[in-house]
Amino acid sequence: MPYAATTDVPVVRTRAEIERVLIKHGAEGFAYGWTKDFDKIEFSWNGRHIRFLLPRPKRDTGDTPRQIRNLEQHDRQRWRALLLVVKAKLEAVESGISVFEEEFLAFIVMQDDRTIGEHLVPRLKEGTLGVKLLGESK
């Protein structure tokens, strides 16, 4: 079962909690938004711009009340999981386990408005970075 699969914490409350955690750890700005395809949070920390995208399940105007409840539950679960990820990364930095750039590397926004992950993950999948992935025999 996914983390927080049965949570009843509203998305708006979790989002506010994420904002409080970021402020506590020194964030210099915070924003959130959504489209039909994803929710997102962005924040600034020490001159870095960070973005997390949460893919949204497809919604249909013909969804039944049960399907709508399931989608809403999925939304609450995704946001709770994001809170957990952000807290864990910030705690790792604060505890000296890693540095901020290591923890948030894939989510750092570059000058072209794409994250480092958006640049590198497709190249990793294609094998064009010149690195061997775990389990590869080449």
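The values are calculated or read from the model by the stated rules, or taken from the named source; none is laboratory data. Model, not experiment: these values are computed from the prediction. Cβ coordinates were reconstructed from backbone atoms using ideal geometry, including for glycine residues, and neighbour counts include every protein chain displayed.
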Just one listed residue, out of T115, T35, is of a type in the set (V, I, T), surrounded by 13 or more Cβ atoms within 10 Å (Cβ to Cβ) and within 18 Å of the chain's Cα centre (by Cα), and it is T115
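Here is a yes/no grid of residues against (1) over 27 Å from A5 (Cβ atoms); (2) in contact with a Pro (Cβ under 7 Å, 6 or more places away or on another chain); (3) without any contact (Cβ under 8 Å) to a residue 60 or more places away in the chain:
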| site | (1), (2), (3) |
| --- | --- |
| G29 | yes, no, yes |
| D75 | no, no, no |
| L82 | no, no, no |
| E91 | no, no, yes |
| I108 | yes, no, no |
| D113 | yes, no, yes |
| G127 | yes, no, yes |
Options A27, A4; residue that is within 25 Å of E118 (Cα to Cα), among the hydrophobic types (A, V, I, L, M, F, W, C) and part of a loop (DSSP other than H, G, I, E, B) = A27
The one condition V12 fails out of (1) closer than 14 Å to L90 by Cα; (2) modelled with pLDDT of 95 or more is (1)
Quick check: anything in the stretch 40-47 within 30 Å of L129 (Cα to Cα), surrounded by 11 or more Cβ atoms within 10 Å (Cβ to Cβ) and over 13 Å from the mean Cα position of the chain (by Cα)?
-> yes
